[in-house]
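Visitor: Before we start, here is the structure in question, set down as structure tokens.
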Amino acid sequence: MSDSSPVRPVVPVLDVWCELQCPDCRDALDDIRALRARYGDRLEVRLRHFPLEKHKHAFAAAQAAEEAAEQGRAWEYVEAVLGRVEELDRKGEPFLVEVAGELGLDAEEFDTALIDGRHILIVDADQAEGKAIGVTGTPTYVVDGERLDGGKSQEGLRERIEEIVDRLLAGNA
């Protein structure tokens, strides 16, 4: 018996190992926006957490990003926090709740999530996986098994990612 259901093409995945208190990740936002705009739903862009010890609010920010995802607004929240890294440095966790409120998210739920730690396991798992594949700083991109380090320079990375994704999409056609 043949299966006549349509075969859904495999969508390439771009993992973006990021930290929300990282100025380099803020600088990478334009490239991430451009990739998301260029490929739309033909590329899955996944935020992966890699909080660095040198940034004391990064772990809480990663948990807050997971709460934003839970409320359906992950990228909007991530962009809002990254756009104001200096405020996160100064204000800490209250800033994360403040941004949630500004975006119309349930700020009280953000506060509760940061207190009860409901997203800690997701952040820990991302960080462990990142370490296992050699991520040492942020932003780091992984597409089709190739790791690209954006912490030193973003120069040429978007073009390299586009080359890989275009090749993958051509192979799926």
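The values are calculated or read from the model by the stated rules, or taken from the named source; none is laboratory data. For clarity, every value in this text was computed on a predicted model and none was experimentally measured. All Cβ positions, even for glycine, are placed from backbone atoms using ideal geometry, and neighbour counts span all protein chains on display. To get the accessible areas, we keep the full protein, side chains included, count just its heavy atoms, and leave off ligands, DNA and RNA. Shrake-Rupley method; radii C 1.70, N 1.55, O 1.52, S 1.80 Å.
Visitor: Would you check if there is a residue in region 122-145 being within 18 Å of the chain's Cα centre (by Cα), of a type in the set (Ser, Thr, Tyr) and surrounded by fewer than 18 Cβ atoms within 10 Å (Cβ to Cβ)?
Guide: The answer is yes; a qualifying residue exists.
Visitor: Which members of region 89-117 meet the condition of being under 16 Å from residue 65 (Cα atoms), free of Cβ contacts under 8 Å to residues at least 40 places away in the same chain and either among the basic types (Lys, Arg) or open to solvent by less than 10 Å² (accessible area, probe 1.4 Å) (or both)?
Guide: 92, 95, 96, 99, 100
Visitor: Related question: Could you please give the count of residues in region 145-163 that are within 15 Å of residue 34 (Cβ to Cβ) and in contact (Cβ under 8 Å) with a residue 60 or more places away in the chain?
Guide: 6
Visitor: If you take the residues in region 1-52 that are open to solvent by less than 60 Å² (accessible area, probe 1.4 Å), among the β-branched types (Val, Ile, Thr) and touching a helix residue (DSSP H, G or I) at 6+ places or on another chain (Cβ under 7 Å), which one is modelled with the lowest pLDDT?
Guide: Only one residue fits best here, namely 11.
Visitor: While we're on this one: Search region 155-173 for residues being touching an Asp or Glu at 6+ places or on another chain (Cβ under 7 Å) and open to solvent by less than 40 Å² (accessible area, probe 1.4 Å), and hand back the single one that is modelled with the highest pLDDT.
Guide: Narrowing region 155-173 to residues touching an Asp or Glu at 6+ places or on another chain (Cβ under 7 Å): 157-158, 164, 168.
Retained after the next criterion (residues that are open to solvent by less than 40 Å² (accessible area, probe 1.4 Å)): 157, 164.
Values: 157: 88, 164: 94.
The selected residue is 164.
Visitor: Sticking with this structure for a sec: Look through region 53-73, keep the residues that are open to solvent by less than 30 Å² (accessible area, probe 1.4 Å) and of a type in the set (Gly, Ala, Ser), and return whichever of them is farthest from the chain's Cα centre (by Cα).
Guide: That would be 60.
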